[in-house]
1. Could you check the range 204-322 for helices (runs of 4 or more DSSP H) lying wholly inside it with 1 or more residues that are modelled with pLDDT of 85 or more and in contact with a Phe, Trp or Tyr (Cβ under 6 Å, 6 or more places away or on another chain)?
2. Quick one: which residue in ALA209, ALA177 is out of contact with any Gly (no Cβ under 6 Å at 6 or more places or on another chain) and in contact (Cβ under 8 Å) with a residue 40 or more places away in the chain?
3. Determine whether GLU114 is open to solvent by 50 Å² or more (accessible area, probe 1.4 Å), modelled with pLDDT under 85 and not hydrophobic (A, V, I, L, M, F, W, C).
4. Quick one: in the range 27-63, of everything that is assigned to a helix (DSSP H, G or I) and aromatic (Phe, Trp, Tyr), which residue is farthest from GLY76 (Cα to Cα)?
5. Please determine whether any residue of the range 226-234 is crowded, with 18+ Cβ neighbours inside 10 Å and closer than 15 Å to ILE117 by Cα.
6. Pick from the range 133-143 the residues that are outside any helix (DSSP H, G or I) and either open to solvent by 90 Å² or more (accessible area, probe 1.4 Å) or in contact with a strand residue (DSSP E or B) (Cβ under 9 Å, 6 or more places away or on another chain) (or both): which of them is farthest from GLY180 (Cα to Cα)?
7. I need the full set of residues from the range 37-53 which are over 15 Å from ALA21 (Cα atoms) and either among the basic types (Lys, Arg) or open to solvent by 70 Å² or more (accessible area, probe 1.4 Å) (or both), in order please.
Amino acid sequence: MAAPSYSPLIRRMVRIGAAFAAVVVYGTVGYIVLEGWPFLDALYMTITTMTTVGFREVNELDTGGRLFTLTVVVLGVGTALIGISLLAAAIAEAELGGLTRRRRMAKRIEGLEEHFIVCAYGRVGRAAVRELQAAGVDFVVIDPKEELQERMERDGVPFMMDDPSLEPVLRRARVEAARGLICAVDSDATNVFITLAARSLNPDLFIVARASEPDSYDRLERAGADRVVSPYVSSGRHMVRMALDPTIVDLFSEEADDRGSIDIEERRIETPSKLIGMTVGESNVPILAIRRSDGSVEPTPDSNFVIEEGHVVLMLRGNAGH
């Protein structure tokens with residue numbers, strides 16, 4: 001099991017506490033040995049001396065005891081002063097470091113073009129981010145939950161801690177220059193608001209929205225979502241297919257790892273795709289099926305089949321350049 005990681009501030013606090021405890025032990029043991037005092041009297045004298053409270057001595061001190069008391073005063077006050085300075089420095093460093101990271105993050109987001117905006121960093125959002133990272137695509141995550149900030153920092157994703165349903169927030173995420181937006185919030189109502197705001201700011205934006213309830217499909221489509229996905233329906237369908245025919249499901253696996261799986265891609269052919277006007281044979285693309293504009297499907301199309309604008313092509317992944 002990996003050892004837990006602690007922030008610099010906590011590490012310094014632990015060290016200061018250990019130093020303070022060491023001085024307490026030093027003084028208590030010293031009074032017991034040198035003066036022969038009981039433990040409680042020795043501890044009381046050590047604490048009052050270290051804190052410079054100024055109460056009277058517990059018992060009369062001889063010359064050796066007074067000299068020893070001076071060392072307790074120096075060590076106690078010195079430890080306190082050093083501890084305060086270290087804590088102040090750690091707090092200042094944390095604040096400065098956080099400000100620097102926020103400025104660097106804002107500058108990085110300001111330069112984004114043709115990127116994706118992922119709204120929410122829950123389980124669905126994290127899965128979407130992993131796919132975008134694997135594809136080498138620029139993106140930014142928007143999530144208002146402060147408890148997720150540490151995880152996003154640890155994962156190294158560009159993020160904004162804010163409400164993605166607000167137009168000013170989407171503008172700061174450069175929605176006008178974005179290629180697509182993924183609504184992965186676990187609230188269908190919030191996804192509708194995000195879709196409406198994003199569509200009004202960028203009519204050409206491709207929006208994929210998450211829907212938890214069946215009634216939300218129509219609402220999200222009317223709000224402007226290009227695609228609506230239900231993780232629950234998709235996972236249920238995948239489980240049934242796996243139960244009915246494990247061989248086919250394993251071949252086209254949707255799992256996170258790539259153990260023997262083949263990824264397939266569904267792509268709508270639109271201008272300026274190079275595939276428009278080509279035959280299947282000329283395309284040099286491993287095409288599995290084509291859905292025409294009228295909804296009819298051509299499985300395993302012939303090499304002379306002409307690809308037209310508006311067709312939806314099912315192909316093996318890795319031919320995005322077409």
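The values are calculated or read from the model by the stated rules, or taken from the named source; none is laboratory data. Computed from a predicted structure; not experimentally measured. So basically every Cβ, Gly included, is an ideal-geometry build from the backbone, and we count neighbours across all protein chains shown. To get the accessible areas, we keep the full protein, side chains included, count just its heavy atoms, and leave off ligands, DNA and RNA. Shrake-Rupley method; radii C 1.70, N 1.55, O 1.52, S 1.80 Å.
1. Passing ranges, in order: 280-283.
2. When all the criteria are applied, what remains is ALA177.
3. no
4. PHE39
5. For the range 226-234, residues crowded, with 18+ Cβ neighbours inside 10 Å and closer than 15 Å to ILE117 by Cα: absent.
6. Result: ASP143.
7. If the condition is that a residue be over 15 Å from ALA21 (Cα atoms) and either among the basic types (Lys, Arg) or open to solvent by 70 Å² or more (accessible area, probe 1.4 Å) (or both), then PRO38, PHE39, LEU40, THR52, VAL53 are the ones that fit.
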